[in-house]
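Undergrad: Pasting a structure here, questions to come.
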Amino acid sequence: MFSMNLLQKKFSEIFGGKEEWIVRAPGRVNLIGEHTDYNGGFVLPMAIDRAVWIALRSRKDKQVFVYSMEYKENRSFSLDILEKQNQEEKKKSEWIDYIQGTAWALQKEGYNLSGWEGAVCSDVPIGAGLSSSAALELATARAFATIGNIPWNPSQMAYICQKAENLWVHVSCGIMDQMISACGEKDHALLIDCRSLETKLCPTPKGTSIIIMDTATRRGLVESAYNLRREQCETASRLLGIQQLRDISWEDFPKKSTVLSDILQRRSRHVVSENFRTLQAQLAMEKQDTISLGKYMNESHESLKNDFEVSNDALNAMVECARNHPACFGARMTGAGFGGCAVALVRQEMAQDFSTFVSEQYKARTTLNPTLYISQATKGAEIWNVE
Ligand code: GLA
């Protein structure tokens, strides 16, 4: 669990004196709209109460000194030579790459950055599908913006951080994680049109809890499977004569998709139906229709499991355990898939009972040790006022 006290103590232990600023950027859970962002479609995530925090102080030079509390490691780099470093051959990425990459992407966008020193701390679990990388990128962007008096435009910053991840860290993610870590609001999920980057705030349904269920499974090959899915979606779009799968409606899909092979039909059926479900889910949220919202979440999981084939046994087991509890409106895997977390929408007064029940059932079924969090929607990347 995050402790402000420990972060501040660590800062003064490593750098001496006191920090000038504390910035924070959250991880996320996606309620619905999976594998739609890179197809120009719709997503409905919320920023969660787990975040990356940086305590920092400005420097007069162009150096950045960072201490990571997770890795217990000091690293530094100069803002003057980032362009050159990006041309060098890349090894496996490390935590500092997300910070350097964000600095590089901000500079590429024309911002003149100043140096700082800071301690970084995070309680977003790494590799669990809760976007610890996007949180680190956005916290870094918030740090540079604060130190350099750069105006804070959340969606523009999300776009820059996505470039950092695509072009510096070399992970070809979509825009969802950075957008929600930048634009999240307390007690709200956010409908994002991943093509126009327009957003709409949706209050989380009254009387419900959103529960994140970590399966305790991680799969190493997520990246190659993710890239393969992206390629399949691009090929399907080409064959359908459209720019992206966003450009075909769910009504038109059956007659138009006959030109596709079986596998491409299934992949694109997931994306096209998921876009439809996500828009319907947002309408259901607006009407406080929790039953329909839960039903769309359930359908999303089936589509990800059968058509897009990105679930795994542990995620399927978790989702089934969740649905076996009477307080559950709906449950599905969340994020890229192949392991990590599922999410459930649950009647609030039974949330604790639900968590105990699901943990026990899941443990008995899989012999794995899950972690369940009852999570709150929080604000996106921000400067934190220390009292
Ligand atoms: C990962 C990516 C996102 C998105 C999801 C799947 O989290 O970073 O851009 O594609 O997978 O919805």
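Read-outs: derived from the displayed coordinates by stated rules, not from any lab. Keep in mind it's a predicted model, so treat the numbers as computed, not measured. Cβ: placed from backbone, ideal geometry, glycine included. Neighbour counts: every protein chain shown.
Undergrad: Mind jotting down a quarter of the surface of the convex hull over the alpha carbons of segment 293-366, in square nanometres, one decimal?
TA: Over every viewing direction, the Cα hull of segment 293-366 projects on average to 4.5 nm².
Undergrad: What length, rounded to one decimal in nm, is gained on full extension from SER172 through to GLU83, with 0.36 nm per residue of separation minus their alpha-carbon distance?
TA: 30.1 nm
Undergrad: Let me ask something additional. May I ask for the net charge around MET69, where only other residues with Cβ less than 13 Å from the Cβ of MET69 are counted and Lys, Arg are +1 while Asp, Glu are -1?
TA: Net local charge, MET69 excluded: 0.
Undergrad: Just subtract the alpha-carbon distance of SER224 and TRP250 from 0.36 nm times their residue separation and send over the number in nm, one decimal.
TA: The span from SER224 to TRP250 would gain 6.6 nm if fully extended.
Undergrad: Using Stokes-Einstein with the Kirkwood hydrodynamic radius over Cα pairs, what translational diffusion coefficient do you get for the chain at 37 °C and a viscosity of 0.692 mPa s, in µm²/s rounded to a whole number?
TA: The Stokes-Einstein estimate is 154 µm²/s.
Undergrad: Can you list the residues of segment 300-316 with backbone N under 18 Å from a point 7 Å past the Cα of LEU239, pointing along Cα to Cβ?
TA: From segment 300-316, the list is 307-309.
Undergrad: Beyond 16 Å, what percent of the Cα pairs of segment 200-297 remain?
TA: 65 percent
Undergrad: Hey, another quick one. Label points 7 Å out from Cα along the Cβ direction at LYS92 and LYS72: separation in nm?
TA: 2.0 nm
Undergrad: Then there's this: Among the listed pairs LYS92/LYS363; LYS305/LYS363; LYS72/LYS363; LYS206/LYS255; LYS10/LYS60; LYS206/LYS379, which have their C-alpha atoms separated by more than 28 angstrom in this model?
TA: Pairs exceeding 28 Å: LYS92/LYS363; LYS72/LYS363; LYS206/LYS255.
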